Amino acid sequence: MKKSFIIAASLLSFAPFYSHAQQSMAEKSGVNKAMGVAPIASEFVHNVAISDMFEIQSSKLALQEHVSPKVASFANRMVTDHTKTSSELKSLVMSASIQAEVPQALDSKHQELLDKLRTLHGKKFEAQYREDQIDGHQEAVSLFHRYGSDGDNVALKQWAGKTEPALRHHLDLARQLPE
């Protein structure tokens, strides 16, 4: 723990000298999360879009798997709610002239998670889906909380603050899914 803190503190001491790529490295590596630092707007947009795509695609897969009624209800809600947040994000990026690209495909990490889900069926599928939903929503809550508190774009910051409670509720619902 102490070693992680020293590494994180060292990286942050050089933060003013980092370019956008290095800031992305801090976000990707978890240093920003560990230190409670908000990502820049373009990183926030990228991470939210990827997260939404994964939630939608994995939940559609769950619905195709003929999962239990509780899991199906949750999956339907994830498709509906994350389709809405995806739409809101795209509108915000365009209307607020945010310098960010909204990715159109999953990154390799999330694609691997989705590919793994495709190989599972029955209880194994439901257990992995539950785990992925908990992990994903924990990351999303952290991301939205950090950006809502200290984000660099007013419109995105307000949206993050408004959206965070729904993500916390999703996390609670995911934890209630059968193990």
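Sum up the charges of everything whose Cβ sits under 9 Å from the Cβ of LEU177, counting Lys and Arg as +1 and Asp and Glu as -1, but leave LEU177 out.
My count for the surroundings of LEU177 gives +1.
If you take every residue apart from LYS60 with its C-beta less than 14 Å away from the C-beta of LYS60, what net charge results, scoring Lys and Arg +1 and Asp and Glu -1?
That sum, taken over residues with Cβ under 14 Å, equals -3.
Dividing the alpha-carbon radius of gyration of region 46-179 by 2.2 N^0.38 Å (N being the number of residues), what value is obtained?
In units of the 2.2 N^0.38 Å rule of thumb, it is 1.05.
Does a label point 7 Å from the Cα of ARG118, set along Cα-to-beta-carbon, have any residues of region 46-64 with amide nitrogen under 17 Å, and which are they?
53-64
Under a Cβ-Cβ cut-off of 12 Å, what is the net charge of the residues other than ASP152 that fall near it, where Lys and Arg count +1 and Asp and Glu count -1?
Surrounding charge for ASP152 is 0.
Tell me the per residue accessible area of region 65-121 using a 1.4 Å probe; a whole number in Å² is fine.
Spelled out: the 1.4 Å probe surface of region 65-121, per residue, equals 63 Å².
The values are calculated or read from the model by the stated rules, or taken from the named source; none is laboratory data. All values reported here derive from a predicted model rather than from experimental measurement. Cβ atoms come from the backbone with ideal geometry, glycine included; neighbour counts cover every protein chain shown. Areas reflect the complete protein model, heavy atoms only, side chains present, ligands, DNA and RNA absent. Shrake-Rupley method; radii C 1.70, N 1.55, O 1.52, S 1.80 Å.
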